[in-house]
Structure formats: structure tokens, C-alpha cells
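The block underneath contains the structure these notes are about, expressed in C-alpha cells.
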Amino acid sequence: MSSDPQTLKVYGEKVADYVKVTEGAAKDPLLTAFIGGLARGTRVLDLGCGPGFAAAEMARAGLQVEATDATPEMVALAAAHDGVNASLATFDEISGENLYDGIWANFCLLHAPRADMPRHLAALRKALKPGGLFHIGLKTGTGEHRDKLGRLYTYYTETELTGLLTAAGFTPFSSTTGCDKGLDGKMSDWAAIAAHG
């Protein structure tokens with residue numbers, strides 16, 4: 001998760017509201033596809049896991065799940081799910097090589113400053129096993145600003161994100177776009193890209 005203090009403060013204070021907004025995460029067809037692309041027993045990372053709904057679904061499917069978030073309140077909720085090993089960590093603390101068969105980075109890296117994104121993606125590519133499965137979801141648009149709750153957002157076009165993934169050594173193979181309501185109550189366009197390491 002981001003290490004931006006203001007963003008983390010918002011998530012810590014609004015944890016109950018965020019749970020309501022994300023409780024349908026386990027039924028996300030993109031998550032179903034991600035899980036379906038991995039063999040039972042393989043090791044996955046849920047980056048910026050929030051309350052851990054996606055991580056719990058992965059664990060139910062027989063995956064070995066490590067989940068990280070930079071908000072202590074979110075880590076506590078994620079750790080309460082059976083089969084989820086949750087820990088407190090920022091994006092900068094992701095390290096290691098060839099650790100994971102899959103990495104789920106769903107709507108978390110959008111809180112990282114634009115200048116840091118290439119470095120974060122490179123670290124994730126290194127942590128992913130060759131040929132491993134990577135998922136990233138971000139809000140689309142341009143620029144970088146705080147929403148009305150005070151959270152830092154960096155926006156990317158789908159083309160820009162594809163270029164960043166390719167530059168980091170990923171091979172994107174599918175993309176999905178949509179529009180949903182977030183914690184701030186605002187409808188936002190988004191793009192999700194699946195890639196191999």
C-alpha cells in the first residue's frame with residue numbers, strides 16, 4: 001500500500017465504510033479469472049489487500065495467500081480470514097525474487113506517486129515467478145490529485161499503463177474497462193490488465 005500518510009489516515013478512519021464498498025470483491029469476475037489461471041497450492045500475493053475479501057476468496061480456492069496493506073486496521077481484518085497470512089507493508093517493502101505464482105494488485109498502486117510506479121512494477125515483476133500471473137487495476141484518466149476524502153490518486157490511460165507494464169518486463173495479454181462508485185461516492189472509469197511475468 002501507499003505510504004502517503006493522508007491516504008492511510010483516510011482508510012484507517014473509514015474502514016467500516018470501505019468494508020461496505022468492497023464486500024462484493026469476492027464475486028469479481030476478474031478475480032475468478034485470476035484464480036482460474038493458477039493451480040491449487042500455488043503462492044500468491046494480494047497487494048494492498050484492504051479488508052481481505054479477495055484474499056479470502058483465493059484461500060478458499062486452495063491458493064497460499066500472502067496479503068499486505070499499509071493500514072493496520074485493514075491488515076487486522078484481512079488476517080481474520082481463514083488461510084490468509086496478512087502483514088503490514090508499504091509498496092516499498094515488496095522485495096525478493098521468484099516468490100509468487102500470482103500477484104493481485106487491484107486498485108492499490110493508484111495511490112503511489114507517478115514517479116514511483118516504474119520502480120514498484122519492477123519490484124513486483126522481480127517477485128513474480130517467470131510466467132507468473134499479474135493483475136493490476138487502476139482508475140483511468142490523467143494527472144495526479146487528491147479526492148474529496150484526501151486520498152492521493154495517480155491516473156493513467158490504458159495505453160500508458162500497458163507501456164509501463166511492458167517496460168517493467170511484463171507481457172500484458174488482456175484488458176477490461178468499466179466504471180464503478182468508490183468510497184468517495186463518485187463514479188470513476190477504470191482499467192484492469194492481466195499480464196504474464
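Coordinate-derived values only; no laboratory data. Bear in mind that the values here come from a model prediction, so they are computed numbers and not experimental data. Positions of Cβ are backbone-derived with ideal geometry, glycine not excepted, and every protein chain shown enters the neighbour counts.
Using only side-chain charges placed at the Cβ, +1 for Lys and Arg and -1 for Asp and Glu, the dipole size of the range 45-195 relative to its Cα centre rounds to 260 debye. The amide H of Tyr153, built 1.01 Å from its N in the peptide plane, has His145, Arg146, Asp147 as neighbours under 5 Å, considering only residues 5 or more places off or on other chains. Rounded to the nearest whole Hz, the Karplus-based 3J(HN,Hα) values (6.51 cos²θ - 1.76 cosθ + 1.60, θ = phi - 60°) of the range 66-72 follow the sequence 10, 10, 10, 7, 9, 9, x, with x at glycine and proline. Taking label positions 7 Å along the Cα-Cβ direction at both Ala39 and Lys126, the computed distance is 2.7 nm, reported to one decimal.
Among rounded, prolate and oblate, which fits the range 140-197 when a ≥ b ≥ c are the square roots of the eigenvalues of its C-alpha gyration tensor, a/c under 1.5 means rounded, and a/b larger than b/c means prolate? Mind showing how you got there, number by number?
On the way: a/c = 2.85, a/b = 1.85, b/c = 1.54.
Since a/c reaches 1.5 and a/b is larger than b/c, the shape of the range 140-197 is classed as prolate.
Please report how far the C-alpha centroid of the range 126-188 lies from that of the range 79-107, rounded to the nearest whole angstrom. With the range 126-188 and the range 79-107 each reduced to a Cα centre, they are spaced 17 Å. Pairs from the table (Lys20/Lys186; Lys14/Lys148; Lys27/Lys148; Lys27/Lys186; Lys9/Lys181; Lys27/Lys126) lying more than 19 angstrom apart at Cα are Lys27/Lys148; Lys27/Lys186; Lys9/Lys181; Lys27/Lys126.
With an a/c value under 1.5 for the gyration tensor axes a ≥ b ≥ c computed over the alpha-carbon atoms, the chain is described as rounded.
The modelled label-to-label distance for the pair Ser3/Met187, using points 7 Å beyond Cα in the direction of Cβ, is 3.8 nm.
Using 0.36 nm per residue and subtracting the Cα-Cα separation, the extra length available between Glu160 and Lys27 on full extension is 45.1 nm. Just check the range 1-49 against the gyration tensor rule for me: Cα atoms, a ≥ b ≥ c as the square roots of the eigenvalues, rounded for a/c under 1.5, and otherwise prolate or oblate depending on whether a/b exceeds b/c. Oblate, because a/c is 1.5 or more while a/b does not exceed b/c.
Taking the number of Cβ atoms within 10 Å of each Cβ as an exposure proxy, the fewest-first ranking of Lys20, Lys14, Lys9 is Lys20, Lys9, Lys14. Legend: calculated FRET efficiency, Arg114 to Ala80, from the Cβ-Cβ distance at R0 = 35 Å, rounded to 0.05, equals 0.55.
Mind checking which of Leu31, Leu45, Leu149 has the largest fluctuation in a GNM of the chain, springs on alpha carbons under 10 Å? Of Leu31, Leu45, Leu149, the Gaussian network model singles out Leu149 as fluctuating most.
Report the gain in length on full extension from Lys148 to Thr177: 0.36 nm times residue separation, minus Cα-Cα distance, nm rounded to one decimal. Intermediate values should be presented prior to the final figure.
Values: separation 29, 0.36 × 29 = 10.44 nm, distance 2.34 nm.
The span from Lys148 to Thr177 would gain 8.1 nm if fully extended.
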